[in-house]
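Participant: One structure, pasted below without further comment.
The values are calculated or read from the model by the stated rules, or taken from the named source; none is laboratory data. These numbers come from a predicted model, not from an experiment. FYI the Cβ positions are ideal-geometry reconstructions off the backbone, even for glycines, and counts take in every protein chain you see.
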Amino acid sequence: MALFVMKTFVNRHLYLIEFTLSSLLRFRGKNFSLLVVYTLVIFLLASVMLFSNALRHEASLVLAQSPEMIVQRMVAGRHDLLPADYLDKASGIRGVKQVSGRLWGYHYDPIIRANYTIMVDADRQLADGEIVIGAGIARVRGLQQGDYLGLHDHQARTMSFQVAGILDSDSELVSADLFLINASTYRAFFGLAQDVYTDMVLSVRNPREYTTIAEKIIQRLPDTRPILRDEILRTYDAIFAWRQGIVFVILMMAVLAFVIFAWDKASGLSAQERKEIGILKATGWETADVIRMKFWEGFLISVSAFILGYLFAYVHVFYADAALFEPVLKGWAILYPRFSPLPVIDALQIATLFFFSVFPYVLATIIPIWRVATTDPDAVMR
Amino acid sequence: MRRSQAVLVSLFLGVSMVLGSFMDAGMAYRHIESAVAEKVALVAALKLTDLALFTEARYTRHLSQADRHSAFQDHPLALEHFPSGSLVLPPGSLRKRNEL
């Protein structure tokens, strides 16, 4: 008995889908363009969601190893060089495990019109004039290991550097524009005295004391600004969070497009659609059947658009490295990292996208039909 | 096969592909795990603080290190003119102090 009821139910819906398909094909031009626009909206939304989630995940993973605390010196509201004796003062604070000075800065290369991040790498023990460069610089300047590169120092004299190594291109997201040299070359290039650093990094014995130690540093060195690792992570979390920043703007535009779309659908039916419903009712269709048929219409279009939009977005982000977003992120920058977004998908985010893109459309299709289908067929057809 | 059955089969295939994308991502992630570990090691060794996503201006290159005045670096009334400046939010450290 249950099997018979089930079979009847399935057959009934198969016939309804059959009829819906004929109805959709009758207006194939209109419905196809609807499907294309709908798919594009989902594609854009899903691409932004997948891309921003991948970047957010990567930033949180990679920057979790950034320094626990950075202390900058501020002069007249701007970041300034830090005297070496500040390192001693900071290391005297109870709870501070290690203090070291960092030397880093920027250099504008007029030949390729790009900014390099010049940084001292003490661990690599580079000789004077030797450099290790990011894969981005190597690509844009066409450099290989052993090549020479000339840059103007702070007195406009040409200083020659030999490329001792190129950083792995897999790490471009953090190293595309890095230009690593030793401390003496750095000081000579920028004309810095021996007793200054760009900033200092601190490691702390007990992670629960970060805030206390930051407060102590401000008391002992009032012209400084401590930046905690947690703040670095929050900075990147906020940029790629989908409720903030540019992601939110794109999201709003797409939602607005969708609202216009659904509104057009919900605000009324064409005379032809009314007539069709009238005929169906006059030929014995029940109101519930008409609504079921229209449910299938909305469901087939919206679910197809969701599946196509999502799959295109997946291929775009993870197989084409989000190529459509590159011009937006690149801005005026010449050095742009080549990277593949980490293949990480937030299932909840995709479920949210499904819910907000499919259900409103199905409802917007059913409601006006329900209004027409409950009226007298004779009145509808007139 | 009836048209309705063909459509339902296509939908089923589509849903399977959507679910398959999760598996595909998981497998792809396993392939690049070592590259991610190298990146993490580089960040730790060089004490890096930021992603090299926006290299056009110093306050977008090292976003977390930016100060309140870096966006107005030329003069106090200078308007933001780097495209990436409009994509990013002020660093977390500055926002936290505003909240206090």
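Participant: With respect to A:Ile93, is the statement that it is among the hydrophobic types (A, V, I, L, M, F, W, C) and within 7 Å of chain B (Cβ to nearest Cβ) true?
Facilitator: no
Participant: In addition: Within 12 Å of chain B (Cβ to nearest Cβ), at pLDDT 85 or above and closer than 30 Å to A:Asp168 by Cα: does that describe A:Val344?
Facilitator: When the stated conditions are applied, A:Val344 passes them.
Participant: Within the stretch A:46-67, take every residue that is within 21 Å of A:Val204 (Cβ to Cβ) and at the interface with another protein chain (Cβ under 10 Å from one of its Cβ atoms) and give me the one that is farthest from the chain's Cα centre (by Cα).
Facilitator: Restricting to residues being within 21 Å of A:Val204 (Cβ to Cβ) and at the interface with another protein chain (Cβ under 10 Å from one of its Cβ atoms), the top hit is A:Pro67.
Participant: Where residues in the stretch A:128-165 are part of a loop (DSSP other than H, G, I, E, B) and in contact with a Ser or Thr (Cβ under 9 Å, 6 or more places away or on another chain), which of them is surrounded by the most Cβ atoms within 10 Å (Cβ to Cβ)?
Facilitator: The qualifying residue surrounded by the most Cβ atoms within 10 Å (Cβ to Cβ) is A:Gly134.
Participant: Would you mind stating whether B:His62 is surrounded by 13 or more Cβ atoms within 10 Å (Cβ to Cβ) and in contact (Cβ under 8 Å) with a residue 12 or more places away in the chain?
Facilitator: yes
Participant: Does the stretch B:25-32 include one or more residues that are of a type in the set (Lys, Arg), surrounded by 12 or more Cβ atoms within 10 Å (Cβ to Cβ) and either assigned to a helix (DSSP H, G or I) or facing chain A (nearest Cβ under 7 Å) (or both)?
Facilitator: Taking every residue of the stretch B:25-32 in turn, none turns out to be of a type in the set (Lys, Arg), surrounded by 12 or more Cβ atoms within 10 Å (Cβ to Cβ) and either assigned to a helix (DSSP H, G or I) or facing chain A (nearest Cβ under 7 Å) (or both).
Participant: Is it the case that the stretch A:32-39 has a residue that's touching an Asp or Glu at 6+ places or on another chain (Cβ under 8 Å) and hydrophobic (A, V, I, L, M, F, W, C)? Give the steps one after another, and end with the answer.
Facilitator: Initial filter on the stretch A:32-39 (touching an Asp or Glu at 6+ places or on another chain (Cβ under 8 Å)): none.
Checked the stretch A:32-39: no residue is touching an Asp or Glu at 6+ places or on another chain (Cβ under 8 Å) and hydrophobic (A, V, I, L, M, F, W, C).
Participant: Applying the selection to the stretch A:1-29, what residues are under 41 Å from the mean Cα position of the chain (by Cα) and away from every other protein chain (no Cβ under 14 Å)?
Facilitator: The answer is A:Phe27, A:Gly29.
Participant: For the stretch A:37-53, check the following and say yes or no: at least one residue is over 24 Å from B:Ala57 (Cα atoms) and surrounded by fewer than 16 Cβ atoms within 10 Å (Cβ to Cβ).
Facilitator: Yes, some residue in the stretch A:37-53 is over 24 Å from B:Ala57 (Cα atoms) and surrounded by fewer than 16 Cβ atoms within 10 Å (Cβ to Cβ).
Participant: Please work out which residue is farthest from the other protein chains (Cβ to nearest Cβ), limiting yourself to the stretch A:232-241 and to residues that are within 15 Å of A:Pro67 (Cα to Cα) and surrounded by fewer than 22 Cβ atoms within 10 Å (Cβ to Cβ).
Facilitator: A:Leu233
Participant: While we're on this one: Applying the selection to the stretch B:62-74, what residues are more than 8 Å from every other protein chain (Cβ to nearest Cβ) and modelled with pLDDT under 75?
Facilitator: The answer is B:Ala71, B:Phe72, B:Gln73, B:Asp74.
Participant: Moving on. Could you pull out the residue among A:Ala59, A:Ala46 that is assigned to a helix (DSSP H, G or I) and under 30 Å from A:Arg225 (Cβ atoms)? Talk me through it step by step, then tell me what you get.
Facilitator: Details: A:Ala46 fails: under 30 Å from A:Arg225 (Cβ atoms).
Step by step, each of A:Ala59, A:Ala46 is checked, and only A:Ala59 is assigned to a helix (DSSP H, G or I) and under 30 Å from A:Arg225 (Cβ atoms).
Participant: Further question on the same structure: Output the number of residues of the stretch A:174-221 satisfying the condition of being hydroxyl-bearing (Ser, Thr, Tyr), within 14 Å of another protein chain (Cβ to nearest Cβ) and assigned to a helix (DSSP H, G or I).
Facilitator: 4
Participant: Checking B:Leu77 against (1) at pLDDT 75 or above; (2) more than 8 Å from chain A (Cβ to nearest Cβ), which test does it fail?
Facilitator: Condition not satisfied by B:Leu77: (1).
Participant: On to the next question. Of (1) out of contact with any helix residue (DSSP H, G or I) (no Cβ under 7 Å at 6 or more places or on another chain); (2) surrounded by 18 or more Cβ atoms within 10 Å (Cβ to Cβ), A:Val99 satisfies all except one. Which?
Facilitator: Among (1) out of contact with any helix residue (DSSP H, G or I) (no Cβ under 7 Å at 6 or more places or on another chain); (2) surrounded by 18 or more Cβ atoms within 10 Å (Cβ to Cβ), the lone unmet condition for A:Val99 is (1).
Participant: Still on this structure, I have one more. Is the stretch A:313-334 home to any residue that is within 11 Å of another protein chain (Cβ to nearest Cβ), in contact with a strand residue (DSSP E or B) (Cβ under 9 Å, 6 or more places away or on another chain), modelled with pLDDT under 90 and farther than 25 Å from B:Leu19 by Cα?
Facilitator: yes
Participant: Looking only at residues that are in a strand (DSSP E or B) and farther than 12 Å from A:Ile227 by Cβ in the stretch A:74-83, which one is farthest from the other protein chains (Cβ to nearest Cβ)?
Facilitator: This residue is A:Pro83.
Participant: Additional query: Residues that are in contact with a helix residue (DSSP H, G or I) (Cβ under 9 Å, 6 or more places away or on another chain) and touching a residue at least 60 places away in the same chain (Cβ under 8 Å): find the helices (runs of 4 or more DSSP H) completely inside the stretch A:277-382 holding 2 or more of those.
Facilitator: Helices (runs of 4 or more DSSP H) meeting the threshold: A:287-314, A:347-373, A:377-381.
Participant: Do you know which residues across the stretch B:33-58 are more than 7 Å from every other protein chain (Cβ to nearest Cβ) and assigned to a helix (DSSP H, G or I)? Explain how you work it out, then say what you get.
Facilitator: Within the stretch B:33-58, the subset more than 7 Å from every other protein chain (Cβ to nearest Cβ) is B:33-34, B:37, B:41, B:50, B:57.
Selection gives B:Glu33, B:Ser34, B:Ala37, B:Ala41.
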